[in-house]
Amino acid sequence: MKKTEIFLSWKWFDLIASGKKKSEYRKVKPFWTARLKEAKPGNEIIFRRGYSHVITVRKLTGVSIVEGWRLPEAEREFFGPCNDIKFYKIDFK
């Protein structure tokens, strides 16, 4: 089973660890395209709080591409003006 590790700031990590956040967003760039191209539902995603030893593991349910204007409000605030940018939407449970 392929595992994908994603480093997060404390804010996003805590929302995922508490179960309040069910999707993570990353800009469509060659780095993320390479990391996600073999990702399949059921694979593990390891979320790491910064570069610490604190982790939470979730199961991938899907990866899709969304336009920036479709991002949730909190993510739009984080990424700034992003209407014309595409993002990977990484869903998990």
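The values are calculated or read from the model by the stated rules, or taken from the named source; none is laboratory data. As the structure is a computational prediction, the values presented were derived from the model and not from experiment. All Cβ positions, glycine included, derive from the backbone under ideal geometry; neighbour counts span all protein chains shown. Areas reflect the complete protein model, heavy atoms only, side chains present, ligands, DNA and RNA absent. Shrake-Rupley method; radii C 1.70, N 1.55, O 1.52, S 1.80 Å.
Among the residues of the stretch 3-34, those identified as modelled with pLDDT of 95 or more and charged (D, E, K, R) are Glu5, Lys11, Asp14, Lys20, Lys21, Lys22, Glu24, Arg26, Lys27, Lys29.
Candidates are the residues of the stretch 26-54 that are touching a Lys or Arg at 6+ places or on another chain (Cβ under 6 Å) and under 30 Å from Asn83 (Cβ atoms); the one that is surrounded by the fewest Cβ atoms within 10 Å (Cβ to Cβ) is Glu38. When the stretch 66-85 is limited to residues that are open to solvent by 100 Å² or more (accessible area, probe 1.4 Å) and touching an Asp or Glu at 6+ places or on another chain (Cβ under 9 Å), the one that is farthest from Lys11 (Cα to Cα) turns out to be Asp84. Residues that are touching a helix residue (DSSP H, G or I) at 6+ places or on another chain (Cβ under 7 Å), open to solvent by less than 30 Å² (accessible area, probe 1.4 Å) and not hydroxyl-bearing (Ser, Thr, Tyr) occur in the stretch 13-22; there is at least one.
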